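Have a look at the structure below before the remarks.
Coordinate-derived values only; no laboratory data. Fair warning: this is a prediction, and the values are worked out from it, not measured in the lab. All Cβ positions, even for glycine, are placed from backbone atoms using ideal geometry, and neighbour counts span all protein chains on display.
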Amino acid sequence: MYRIFSAFLLLSLLGGARCNEQRQIPFVQVNFQIDLNLPAYQPLTATAGWIYVSGGSRGIIIYRRNQDEFMAYDRHSTYKVDDACRVEVDEDGVLISDPCSESQWVITDGSVVNGPAVQPLQQYNTSWNPPTLRVFN
């Protein structure tokens, strides 16, 4: 019984380490505010609007999910994080793609819809106090 438990524990630890290795996006402190009344942020005044902003590891995508909810994702691909790949919003505004691996994530929640990536995009917190949006970790 002890050997079975030890083997299970070892496999669990190894499996957990492997999962963490896939998602080692460098930590970068993020804490900024934007005023949606400014012309640069006009796309965010409508639901499903999105923009790129500086910050995070490789830049940030901010997406307006609905009237009161925003999503903020790091542009650092979660597949082969040591590569210099930066994700981009597709022309349809529905998917986010990694041009290096052809992985894709859905813009509404950052989940993977097409691999080889298996991890969702790194997400930042948002706080909406009209007309100011705060993005932070």
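Could you name every one of the strands (runs of 3 or more DSSP E) located completely within segment 29-72 that has at least 1 residues being of a type in the set (V, I, T) and within 17 Å of the chain's Cα centre (by Cα)? Spell out the reasoning first.
Values: elements: 31-35, 50-53, 60-66.
Fully inside segment 29-72 and qualifying: 50-53, 60-66.
Inspect segment 24-43 for any residue being among the small types (G, A, S) and surrounded by 13 or more Cβ atoms within 10 Å (Cβ to Cβ) and give the result as yes or no. I'd like the intermediate steps shown before the answer.
So in segment 24-43, the residues among the small types (G, A, S) come out as 40.
Now restrict to residues that are surrounded by 13 or more Cβ atoms within 10 Å (Cβ to Cβ): none.
Scanning segment 24-43, I find no residue that is among the small types (G, A, S) and surrounded by 13 or more Cβ atoms within 10 Å (Cβ to Cβ), so the answer is no.
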Odd one out for S101, checked against (1) loosely packed, with under 13 Cβ neighbours inside 10 Å; (2) more than 15 Å from the chain's Cα centre (by Cα): (1)
